[in-house]
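Undergrad: Below: one structure in structure tokens.
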């Protein structure tokens, strides 16, 4: 107000003030709520503070910060920003979870690792959990209470299972009667044949078609080779069988595959002479490696003998311990021979290239490279052979790569009473199962057939009587998860061959 020609004091005026978030121009510069910000969020753990900006008198979202995560990870860090790392709820420890596995978080790492029953961790890592199932899923329970057994074999499909075994009779002669169970029900295989005493039996499956191969020794005569094809039909089980007179000093081995036309075929291999060769007096009884190719899809049981190794070669005096593995385009046959010239044993591999059999690898030694016919499994181009070694307490594993040859043998001392091993392929490599009375051990090999660390050794036990002694195991990996059968003795004269789930510890 003007008084006496001079302006008086300013009354009721408002001076500029710092801008606040109120939708007003507090600093009187013509702009409303400009450059008004404040910190937001947390500065604890992995959280980082951000910034909120004022817009039209209201605070906007928090920008540029890092907020808490809803799930805490086992890494020693505080994802939920509550001031404590690696805990589920405040004050509660964090559980680790992976497929078919669990554990407890300890100092930023998953520990106390446990697989679900029926699953194995073949890699030793927690991230992908326990990736290999060891429990079978097959119909029925095949079991037999018998006197002590000499041999047994087992194969399964998704719907059926075949179990064959030889009963060791009380007399001193080797071998015994053959019993074959289809889904736990005994079927007539070999009953109408002249020979009733067998020394070995093998079973393979191609889908729901099964092939039983049994060897009979006949005093003062040629041996007998029984082939029986079993298929389920509306009336029960359809059986086709044949009985050949052959000279077989070594146990036959068999494998099955699907041929180029989509039909199943099998190859039986042994060291000996085929029916055509037995009439030749110039040939030794055991100086040949012979294959018998079986068409499992034909109306009848069609089989033809093939010569794998030339029996006229003078450097070979005998063949021992054969094995067969199926490949994508044929078969690989393995046999151990004894050289007459060098007196050394030689493990050889022969592959069918479509034009005939050719040798594709060998390994030599002064003694038996394998104590008995090896078990085999193939994964890609690698075949793993497993057998007891020169000492029955040894487990010998030999890798063979198609197109390359044999790798170094790996020998492990499993102690007295070591059983014949079982070997099968997994998604990541191979599992070899062997042991003695009491329990089996699973030993893992990588995709190249090389053994993994001893930490990968896992105990495998069948459920039931913990006091029973386990003597042998057969695994069929053609179904998922692999099906299995085992031989258990729970008393002096009470023996059973059973199929069912295995427990991995």
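Undergrad: Confirm whether residue 70 is free of Cβ contacts under 8 Å to residues at least 12 places away in the same chain, loosely packed, with under 13 Cβ neighbours inside 10 Å and closer than 30 Å to residue 110 by Cα.
TA: For residue 70, the condition - free of Cβ contacts under 8 Å to residues at least 12 places away in the same chain, loosely packed, with under 13 Cβ neighbours inside 10 Å and closer than 30 Å to residue 110 by Cα - is met.
Undergrad: Can you list the strands (runs of 3 or more DSSP E) lying wholly within the stretch 125-234 that have 2 or more residues being at pLDDT 75 or above, within 23 Å of residue 266 (Cβ to Cβ) and within 27 Å of the chain's Cα centre (by Cα)?
TA: 149-156, 161-167, 178-182, 200-206, 209-216, 223-233
Undergrad: Check the stretch 376-391 and report whether any residue there is at negative phi, modelled with pLDDT of 80 or more and outside any strand (DSSP E or B).
TA: Yes; the residues of the stretch 376-391 include at least one that is at negative phi, modelled with pLDDT of 80 or more and outside any strand (DSSP E or B).
Undergrad: Report the residue count in the stretch 257-278 for those that are modelled with pLDDT under 80 and part of a strand (DSSP E or B).
TA: Selection size over the stretch 257-278: 1.
Condition check ((1) crowded, with 21+ Cβ neighbours inside 10 Å; (2) farther than 21 Å from residue 272 by Cα) across all residues:
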| position | (1), (2) |
| --- | --- |
| 182 | yes, yes |
| 188 | no, yes |
| 202 | yes, no |
| 210 | yes, yes |
| 214 | yes, no |
| 231 | no, yes |
| 238 | no, yes |
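Residue-wise test of (1) surrounded by 13 or more Cβ atoms within 10 Å (Cβ to Cβ); (2) in contact (Cβ under 8 Å) with a residue 24 or more places away in the chain; (3) out of contact with any helix residue (DSSP H, G or I) (no Cβ under 9 Å at 6 or more places or on another chain).
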| site | (1), (2), (3) |
| --- | --- |
| 15 | no, no, yes |
| 19 | yes, no, yes |
| 30 | no, no, yes |
| 36 | yes, no, yes |
| 43 | no, no, yes |
| 47 | yes, yes, yes |
| 53 | yes, no, yes |
| 57 | yes, yes, yes |
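Undergrad: Can I ask one more? Looking at the structure I just gave you, is residue 98 closer than 30 Å to residue 429 by Cβ, surrounded by fewer than 17 Cβ atoms within 10 Å (Cβ to Cβ) and either modelled with pLDDT under 85 or in contact with a strand residue (DSSP E or B) (Cβ under 7 Å, 6 or more places away or on another chain) (or both)?
TA: In short, no.
Undergrad: Another question about this same structure. For the stretch 82-93, how many residues are surrounded by fewer than 20 Cβ atoms within 10 Å (Cβ to Cβ) and at pLDDT 80 or above?
TA: The total comes to 4.
Undergrad: Same structure, new question: Being farther than 21 Å from residue 347 by Cα and either touching a helix residue (DSSP H, G or I) at 6+ places or on another chain (Cβ under 9 Å) or surrounded by 17 or more Cβ atoms within 10 Å (Cβ to Cβ) (or both) is the filter; apply it to the stretch 403-423 and report the residue that is modelled with the highest pLDDT.
TA: Among those residues, the one meeting the criterion is 419.
Undergrad: Could you tell me which residue of the stretch 36-57 is nearest to the chain's Cα centre (by Cα), considering only residues that are within 22 Å of residue 22 (Cα to Cα) and part of a loop (DSSP other than H, G, I, E, B)?
TA: This residue is 41.
Undergrad: Find the residue count for the stretch 241-256, including only residues that are buried (at least 16 other Cβ atoms within 10 Å of the Cβ) and assigned to a strand (DSSP E or B).
TA: Matching residues across the stretch 241-256 total 9.
The values are calculated or read from the model by the stated rules, or taken from the named source; none is laboratory data. Quick caveat: nothing in here was measured; it's all calculated off a predicted structure. Please note: Cβ atoms are built from the backbone with ideal geometry, for glycine as well, and neighbour counts cover all protein chains shown.
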